Each structure stands twice: as C-alpha cells, then as structure tokens.
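The values are calculated or read from the model by the stated rules, or taken from the named source; none is laboratory data. Keep in mind it's a predicted model, so treat the numbers as computed, not measured. Cβ atoms come from the backbone with ideal geometry, glycine included; neighbour counts cover every protein chain shown. Remember, those area values only see protein heavy atoms, side chains included, never the ligands or the DNA or RNA. Shrake-Rupley method; radii C 1.70, N 1.55, O 1.52, S 1.80 Å.
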Amino acid sequence: MHAEQEAQFQSFVAARWSHLVRTAYLLTGDPHDAEDVTQTALAKAYRSWRRVSRSDSPEAYVRRMLVSCNNDRFRKRRVRERLTDAVPDTSVRDNAVAWADERNVLMAALAQLPARQRAVVVMRYWEDLSEAETADVLGCSQGTVKSQASKALAKLRAWPGLGRITAANEMSERAVL
C-alpha cells in the first residue's frame, strides 16, 4: 500500500472507529466481541483498501464487512448468548442508573432476536439507513428487510421490560409539557 493510501486508511479509521464499534456492539451485544468484529472488518478493509476507497461510499463498504464478520462469528462458534430476563434491582434511581437500566433491557431484548432480525433493526433504526441501503448492506431484498423489521419490532414490543420503559418515557414527556 502506498503512503498516501495508508494515510487515507488511518484517517478513515480514526474518524469512524467509535461509530463502527458502537454498531458492532449493537450487533454482538458484547463490547469485547464488538471490538474484535470491528478489528476483523478493518483488517479486511485494509487488505483491499484500494478497492474500498474507490467505492461510492467506503463507510457503507466497511459497514457491510462488519455485518459479514459478525455473521462469520456465528458460523464459526455457534454459541448463543444468554442474558438475564430482568435487570438487577437498584436502590438509587437517578437518571444515570435509570438510563443504564433501560439500556440493559434494550440490549437483552436485542440479544433475543435472531441474528438477521437484529442486523435489520440495527441498520434501519440505529444506523438510520433506508430500506434499500439496509438491503444492500445485508445482501438481501427490500422485502426481506421489511418482513424482518416487522417481525423484530413485534418481538421487541412484546418484550416485557421495553413496554415499561416506553410508558415511563411517555409519562416523563407529558410531565415536561
């Protein structure tokens, strides 16, 4: 790799690292796995940076690599994550603790989704990609994105802790108004 391409890759990694790790965390549910998946995707991107950098959107290209690396992780180990159904009780309920509890409930709910549905939810609602962009990243049709999103959202709506969070957020919004 030429020095100019090396610098371009390093600049890309410096600018996008935290965003890619957050996306990977939502896909994996584990901070360590998220960093591993991100590093694997970036290593693959480095090897083919000339092709990646010439694409219309290098970030989209690397994002697709990230999803593929996460899928490979399941193919290799076939290990299912098991999270608890309930968030541990806390004695102090300040905003930071409440936010952490809500995040734990959301991550537990996401962990229960099949890998494909989880990837669709992360790409559509966290990454805020369109259905077409999500389909491109996941290598499927827009119809698959729509059906997987519908099924995933139905499962998330039925998740016990998420209903409580939604109701609490609506009540706090009314109190502010």
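A few remarks follow.
- The set of residues from region 109-128 being in a loop (DSSP other than H, G, I, E, B) and either surrounded by 15 or more Cβ atoms within 10 Å (Cβ to Cβ) or at pLDDT 95 or above (or both) comprises GLN112, LEU113, GLU127.
- Picking from residues in region 26-48 that are buried (at least 20 other Cβ atoms within 10 Å of the Cβ) and either over 15 Å from ARG116 (Cα atoms) or among the hydroxyl-bearing types (Ser, Thr, Tyr) (or both), the one that is modelled with the lowest pLDDT is THR28.
- Odd one out for ASN71, checked against (1) modelled with pLDDT of 90 or more; (2) open to solvent by less than 70 Å² (accessible area, probe 1.4 Å): (1)
- Residues of region 129-173 classified as more than 20 Å from GLY29 (Cβ to Cβ), at pLDDT 90 or above and not hydrophobic (A, V, I, L, M, F, W, C), total: 12
- Subset tally (residues that are open to solvent by less than 50 Å² (accessible area, probe 1.4 Å) and outside any helix (DSSP H, G or I)) for region 140-160: 2
- Checked against (1) open to solvent by less than 20 Å² (accessible area, probe 1.4 Å); (2) farther than 24 Å from GLN117 by Cα; (3) in contact (Cβ under 8 Å) with a residue 12 or more places away in the chain, VAL52 passes all but a single condition, namely (3).
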